[in-house]
Amino acid sequence: MAQLFEAFSLLQAFGMRFYNATTQAFITAAMGFAATITGMGMWNASAVDLITFWFDGVLDDYLRAIEEMVVSGGDNRDNIRQRLTKSDPDFFNTMHLIHSEASAPAAKDQGRSDRSATKRSPAESKRTRVPQDIIAALPSQNGKSVCLKFLTRAGCPSRSPKRCMFGRAHFIPEKLEPVVRQYINDNMGGIRRDIPPDQ
């Protein structure tokens with residue numbers, strides 16, 4: 001769990017500088033919940049992977065809530081924050097799997113298969129993985145691909161115009177491949193308005 005706390009600490013440090021108070025409070029709540037569940041199980045490598053996957057789903061849902069808020073005006077962030085509880089269905093399923101694997105070492109191989117199925121949870125089904133051909137077609141600057149979210153109307157969740165929370169570059173490309181433009185329009189709420197339509 002040490003690596004998970006380290007990751008949250010870095011995110012919190014970044015958030016204190018660049019995020020608004022609501023998002024800062026969300027990150028603090030996530031750290032607090034992580035501290036609460038530390039004593040709930042045997043945190044071997046497999047268990048940490050599973051609980052990290054669950055946290056990743058919550059964080060991804062929060063980012064999506066920000067995107068939807070910018071596009072539609074509806075604020076669903078508090079509902080996502082309420083997932084940071086032991087009663088969350090995906091969390092319950094994750095902890096059940098962790099305890100099952102710990103109590104049934106003889107069924108380890110089967111447990112891994114079950115884990116793969118469990119990881120395809122409803123939280124994951126709501127997320128869209130960017131296809132590799134889209135990633136490959138993204139323009140680059142100084143060795144970094146442009147942040148796909150930066151090119152959308154919603155924008156990158158980072159409040160800094162130059163710093164990307166995903167480790168990518170923030171810039172307006174001189175040219176945007178049609179496949180990238182179509183993907184953003186079809187799946188991410190549309191291209192940002194300051195990118196000319198003839199690019």
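Please treat every number below as a calculation from the coordinates, not as lab data. Note that the structure is predicted; figures quoted are calculated from it, not measured. So basically every Cβ, Gly included, is an ideal-geometry build from the backbone, and we count neighbours across all protein chains shown.
Details
- Residues VAL130, VAL180 in ascending order of nearby Cβ atoms (within 10 Å, fewest first): VAL130, VAL180.
- For the stretch 1-102, size of Cβ-based charge dipole, Lys and Arg +1, Asp and Glu -1, in debye: 300
- With neighbours defined as other Cβ atoms within 10 Å of a residue's Cβ, the residues THR85, THR152 order from fewest to most as THR85, THR152.
- Net length gained if the chain between ALA21 and ASP78 were fully extended (0.36 nm per residue, minus Cα distance): 19.3 nm
- Long-range Cα-Cα pairs in the stretch 23-82 (distance over 17 Å), rounded percent: 44
- Spin-label zone in the stretch 1-29 - amide nitrogen under 15 Å from a point set 7 Å from the Cα of VAL48 along the C-beta vector: 1-9
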